[in-house]
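Where a number appears in this text, it was derived from the coordinates with a stated rule and is not lab data. Small disclaimer: the values here were computed from a predicted structure and weren't measured. Counting neighbours? That spans all protein chains shown, and the Cβs are built from the backbone with ideal geometry, glycine included.
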Amino acid sequence: MSRTTPPRPVDVTAVFPQLAPRARPATRLHPRPGSPTPHDSSVGGPLLWPAGEPWPHCEESHNEANDLYEAYGVYASQDHEWRDGPNPLVPVAQLYVHDVPVLRPPGQADLLQVLWCPFEHEPDYKPPTSLFWRSSAEVTEILATPPGPFAVEYEEYIPRPCMIMPEQITEYPNLMDLDKELQQRLGDWNNWQVAGAAVDSSWAPYPDSYYGRELSVAPGWKVGGWPRWGLTDPIALFCTACEARMVPLLTIASCEWDISNTGWVPYEDRHLITLEDPNAANPCMVQVSRSNRLQLYICPQSPDHPHASLIQ
């Protein structure tokens, strides 16, 4: 089943034409529990990994975390046998270009694979990620039994296998990515009224929040588009190889929607809004750094250059 985001209640570029050049395409992934195969785009599913290619591991020590857990009489995970040494990475996402055309793979690649270590590493306490671009046609024999991690800090870093239901949308910058003059215009209710925008008058005291919550950046897992900010002001990231300004690649979210702001919930999922099931808005059962988002960035000049990540 596909997923369809309701149209935005207002065409914001008709009210503020200055935003039109800032529009960016994004792909909402809409991961939902399923049984993906290595030939599917997925979250937490099996990867199309070549049988002859070594599985990636985290080489950092996890002993400090183990000591902490032992001090409290528990282990990082009851489902994984702890031992010292490199920790096999966990599949996070596999995305084929035919499902997510906003991807810009290098060369003949048509597939992006994202893995991470299920630990929050210092100094910024987020799971370190690895990206792999590959050509699916070149994978003639698939690794049948990938190694699983033997150390897991939080089970929420083991995504539930999900199929994705990609949907192409258009996003506009987060309010903090706009210049002060435009921020002031968005925050003036008179500008919305003069333009004839059919905005609920309950937003009159804070129209800039209306823009931020309903018209700019979609929640949930997505590729491309604009980043959300909140934990920090906007941060410009530059490629360590060529100094180009990096662009958003993948947003790994702790929830698909916020119960206090359901305007982005797809038509097909609106019956889930009133459920008391805490997993209704988190089908992948992933929690990133206290229910935040992990944003991955790549170099626009070459996706092969080192990527970067931020928690927001």
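Our coupling estimate for segment 104-120, obtained by passing each phi through the Karplus curve with A = 6.51, B = -1.76, C = 1.60 and θ = phi - 60°, is 10, x, x, x, 8, 5, 9, 8, 10, 10, 10, 10, 8, 8, x, 9, 8 Hz, Gly and Pro reported as x. Describe numerically, in nm with one decimal, the distance between label points set 7 Å from Cα along Cα→Cβ at GLU268 and at THR37. Distance between label points: 2.0 nm. Within the chain, the longest run free of exposed loop sites, counting GluC sites (Glu not before Pro) that sit outside DSSP helix and strand states (H, G, I, E, B) and have at most 16 other Cβ atoms within 10 Å, spans 142-242.
Label-to-label distance for ASN261 and GLN108 is 4.4 nm, based on points extended 7 Å past Cα in the beta-carbon direction.
Fully extending the segment from ALA236 to ALA137 would add 32.1 nm, taking 0.36 nm per residue of separation and subtracting the current Cα-Cα distance. Placing unit charges on the Cβ atoms only, positive for Lys and Arg and negative for Asp and Glu, gives the chain a dipole magnitude near 1080 debye about its Cα centre. Cβ-to-Cβ counts within 10 Å put LYS222, LYS126, LYS180 in ascending order as LYS180, LYS126, LYS222, the fewest first. Sorted from greatest to least, the principal axis extents spanned by the alpha carbons of segment 140-216 come out as 62, 31, 25 Å. Restriction of the trypsin sites (Lys or Arg not before Pro) in segment 245-302 to DSSP coil positions whose beta-carbon has at most 10 other beta-carbons within 10 angstrom yields ARG290. With R₀ set to 35 Å, the beta-carbon distance separating SER2 from ARG245 gives a calculated FRET efficiency near 0.55. Full extension of the segment from GLN168 to THR145, taken as 0.36 nm per residue of separation minus the current Cα-Cα distance, would add 4.9 nm.
Multiplying the residue separation of ARG24 and GLU60 by 0.36 nm and removing their Cα-Cα distance gives an extension gain of 9.3 nm. For segment 255-261, putting each phi into the Karplus relation 6.51 cos²θ - 1.76 cosθ + 1.60 with θ = phi - 60° gives couplings of 7, 8, 7, 9, 4, 7, 8 Hz, in residue order, rounded to whole numbers and with x for Gly and Pro.
Building the convex hull from the alpha-carbon atoms of the chain and averaging its projection over directions returns 18.0 nm².
Hey, could you grab the Kirkwood Rh for segment 180-224? Inverse mean 1/r over distinct alpha carbon pairs, Å, one decimal. For segment 180-224, the Kirkwood estimate is 11.5 Å. As a calculated quantity, the FRET efficiency between VAL97 and ASP11 at R0 = 30 Å, using C-beta atoms, amounts to about 0.50. Would you please state which residues of segment 1-39 a label at ASP188 would reach in this model, taking the label point 7 Å out along Cα→Cβ and a backbone N cut-off of under 19 Å? Those under the cut-off are 12-20.
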